[in-house]
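Reviewing the structure listed below.
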Amino acid sequence: MPTTDFWSPFYWQTRFSTENNFEWLVPSPTLIPLVHEILLSFPSSSAFLAQKFSQEGDGQEDEPPKVTILHVGCGSSTLGTQLQAYLDGQPQSPSHAGGGRIYQVYDADYVKPPASIMSAKEEAKVPFKLVDLLSTESLLSNLPHQEGPIPSDDIAKAIEEEQKWDLILDKSTCDAISTGPQLSPPPFSAGQTEQAPADPVERMTFNLSKVVKKGGKWVSISYSPIRYSFLSDIGNDGKYGWKVVRKEMVAMTSIPEGRRIRDGDQERIVYEPETGVWMYVLERA
């Protein structure tokens with residue numbers, strides 16, 4: 001298949017019909033400790049968690065605040081279930097660095113992954129959400145505690161910070177989306193003051209800013225060393241709502257069988273050298 005098909009739901013539906021498991025770019029055991037380190041950097045004493053604790057208490061003052069994690073573009077990866085199991089095994093006492101909190105991981109994709117990936121018991125621990133990252137309406141209808149679509153007249157209303165996600169995790173989802181065509185601008189809705197960008201990665205970035213609380217993080221794994229270069233190009237005008245706070249190479253990768261690309265009406269295989277795998281940490285500004 002040509003690389004441009006990586007953005008297509010049809011491509012993934014076809015692939016998932018025969019694929020049981022595939023991990024993009026880095027194995028979960030490599031990535032999970034890095035994600036945990038970032039989660040521990042969330043200050044437990046900040047309003048970021050203190051407000052969450054007071055609002056979620058409602059007679060349950062002894063229950064620690066819940067940090068919500070959305071693993072987007074999960075596909076046939078088991079990263080979500082492995083991350084949840086890892087976090088469940090960590091100390092939760094207030095004296096533990098970054099402790100005094102519990103974590104809930106959600107898997108998300110715009111195509112339902114193979115049923116064989118996750119047992120019913122595992123899905124109960126890591127709920128799945130059917131989400132289109134290029135649709136603000138889809139994202140707003142799939143907030144952590146949101147069940148099903150929200151009325152259209154509510155979409156334009158400000159979403160309270162405590163309804164939003166704490167952390168987004170994507171492993172090469174940004175790369176798959178980058179292969180898609182330029183997007184048509186969505187229709188303006190009531191109360192809308194910004195026009196969504198046409199570039200698919202920029203659109204994803206723009207949309208995710210609407211559903212992640214300020215100070216929240218986005219851990220993005222990509223083969224591209226310039227995946228989010230557009231953020232530094234716009235300074236601090238706030239259009240995208242994110243700033244890159246960390247970038248590092250976490251692995252090397254190659255495609256031994258080559259990359260299939262389309263050249264006019266023909267397809268050909270291109271063999272490429274090993275390339276770096278980059279971890280970006282973006283912070284919601």
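The lysines whose alpha-carbon is closer than 27 Å to the alpha-carbon of Lys125, local same-chain residues fewer than 8 away aside, are Lys52, Lys66, Lys112, Lys164, Lys171, Lys210, Lys213, Lys214, Lys217. Here r is the Cβ-Cβ distance between Asn20 and Thr179 and R0 is 25 Å; the resulting FRET efficiency, rounded to 0.05, is 0.60.
Under 5 Å from the amide H of Val250 lie the amide H atoms of Val277, Trp278, Met279, each residue being 5 or more positions distant or on a separate chain, with H modelled from the backbone and absent for Pro and chain starts. Fewest-first ordering of Trp7, Trp278 by other beta carbons within 10 Å of each residue's beta carbon gives Trp7, Trp278.
The order of Glu248, Glu19, going from fewest to most other C-beta atoms within 10 Å of their C-beta, is Glu248, Glu19.
Here, each number is a calculation from the coordinates, and none is a lab measurement. Computed from a predicted model, the values in this text were never measured in an experiment. Glycine gets a Cβ as well: all are built from the backbone with ideal geometry, and neighbour counts include every protein chain shown.
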